[in-house]
1. For a quick check of your reading of the model, give me the residue pairs whose first member lies in region 161-175 and is closer than 13 Å to residue 114 by Cα, whose second is among the small types (Gly, Ala, Ser) and outside any strand (DSSP E or B), with beta-carbon atoms closer than 6 Å and at least 6 apart or on different chains.
2. Being in contact with a Gly (Cβ under 7 Å, 6 or more places away or on another chain), away from ligand 2 (no atom under 16 Å from the Cβ) and not small (Gly, Ala, Ser) is the filter here, so list the residues in region 16-70 that pass it.
3. Which condition from (1) assigned to a loop (DSSP other than H, G, I, E, B); (2) within 16 Å of ligand 2 (Cβ to nearest atom); (3) buried (at least 22 other Cβ atoms within 10 Å of the Cβ) is the one that residue 91 breaks?
4. In region 77-88, how many are crowded, with 17+ Cβ neighbours inside 10 Å and either within 16 Å of ligand 2 (Cβ to nearest atom) or at pLDDT below 95 (or both)?
5. Just the residues that are part of a strand (DSSP E or B) and hydrophobic (A, V, I, L, M, F, W, C), please, taken from region 138-188.
6. Every residue in region 94-119 that is within 16 Å of ligand 1 (Cβ to nearest atom) and outside any helix (DSSP H, G or I), please.
7. Would you check if there is a residue in region 242-253 being closer than 26 Å to residue 24 by Cβ and touching a Ser or Thr at 6+ places or on another chain (Cβ under 6 Å)?
8. Name the residues in region 1-19 that are closer than 12 Å to residue 34 by Cβ and in a loop (DSSP other than H, G, I, E, B), would you?
Amino acid sequence: MMNTDELEKTKRKIAELKESLGAVIVAHNYQRPEVQDIADYVGDSLELSRICTSVSARTIVFCGVRFMAETAAILNPERTVLLTEGGAGCAMADMISANDIKKWRQRYPRATVVCYVNSPAEVKAESYICCTSANGVAVAASVPGEEILFVPDQNLGHYVSTKIEKGVILYPGYCYVHQRIRPQQVELAKSRHPKAEVLVHPECRPEVIALADAVLSTSQMLRYVKASPRREFIIGTEEGLLHGLRKQNPEKSFYLVTKNQVCADMKKTTLETVARTMERQENVVTVPEEIRLRAKQAVDRMLALK
Ligand code: 13P
Ligand code: SF4
């Protein structure tokens, strides 16, 4: 833990490095509060992908996990993308490999592959289109054909399947942070806070989604809460989102469904790792050109949808 002096010193160092590198700092909504606070942009996966196509900075400093920085690198081959903690991965993205997707495509040759961005670049390269939690339904509805192979998140894929008329084949991946949330725990939270609205992420189990008032990406939750006249909310996603929720709505109350809604990889980035990464210009994320070009087609198709 840094004391106040060290904290201020590290923040000043980051500001100086940002200037000298001509960098922009982007952070996901699950990052630590102090990391979100030094970022130029904080957002969900879709917003961060869009921001990375519109900034003019030479260097993108990504406070998040590898698949997010890879998406930034796929979209910006001319810029340097630094991941603020080299070991920050995603357990869900690790559940699918290039070999897996090739096998599944052979098994379902008529299905159009829709790939959640929480996946390796090699898997995006084998997919027709990407989606995020914010646009999964719209993306799936837009693709050609009557059958979709949805990878790697079975829960988001299931949620999408309940909203569209096409057949959806589910790959068995999941996010352990959201999978941990059980319907009984949601019921308990509701009984403790009967006036609260229940907002859950589509990475949650179908039985949890069935109990929710709204199913939303992280930034959609932020917008929803701001616009809602209600004052209490039960939140079914990673605890990092509470920082933005509380900052933007100091008069409202937020309750996590359980105590352990924590993504270990999202928490690997600290102010020290941000400063160190920028100073040493390390953890440069690149994607081999042949994979990048094919993955970019899938990401571009998604970004072309309004
Ligand atoms: P969103 O912020 O896009 O909803 O993503 C959630 C997530 O699990 C990212 O790892
Ligand atoms: Fe991956 Fe889940 Fe962590 Fe997001 S919260 S990075 S999906 S493990």
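1. From residues that are closer than 13 Å to residue 114 by Cα, the pairs are 168/157; 168/161; 169/111; 170/157.
2. 51, 58, 59
3. Every listed condition holds for residue 91 apart from (3).
4. Quick first cut of region 77-88, residues crowded, with 17+ Cβ neighbours inside 10 Å only: 79-85, 88.
Going one step further and asking which of them are either within 16 Å of ligand 2 (Cβ to nearest atom) or at pLDDT below 95 (or both), we end up with 83-85, 88.
So the answer is 4.
5. Restricting attention to region 138-188, the residues satisfying the condition of being part of a strand (DSSP E or B) are 147-151, 153, 167-170, 173.
148, 149, 150, 151, 168, 169, 170, listed by residue number.
6. Filtering region 94-119 for residues within 16 Å of ligand 1 (Cβ to nearest atom) gives 94-96, 114-119.
96, 114, 115, 116, 117, 118, 119 - these are the residues of region 94-119 that are within 16 Å of ligand 1 (Cβ to nearest atom) and outside any helix (DSSP H, G or I).
7. Here is the first cut: in region 242-253, the ones closer than 26 Å to residue 24 by Cβ are 242-248.
Keeping just the survivors that are touching a Ser or Thr at 6+ places or on another chain (Cβ under 6 Å) gives none.
For region 242-253, residues closer than 26 Å to residue 24 by Cβ and touching a Ser or Thr at 6+ places or on another chain (Cβ under 6 Å): absent.
8. Once the filter is applied, which keeps residues that are closer than 12 Å to residue 34 by Cβ and in a loop (DSSP other than H, G, I, E, B), region 1-19 yields 1, 2.
The values are calculated or read from the model by the stated rules, or taken from the named source; none is laboratory data. All values derive from a computational prediction rather than experimental measurement. When we count neighbours, we look across all protein chains shown, and the Cβ atoms used for this are built from the backbone with ideal geometry, even at glycine.
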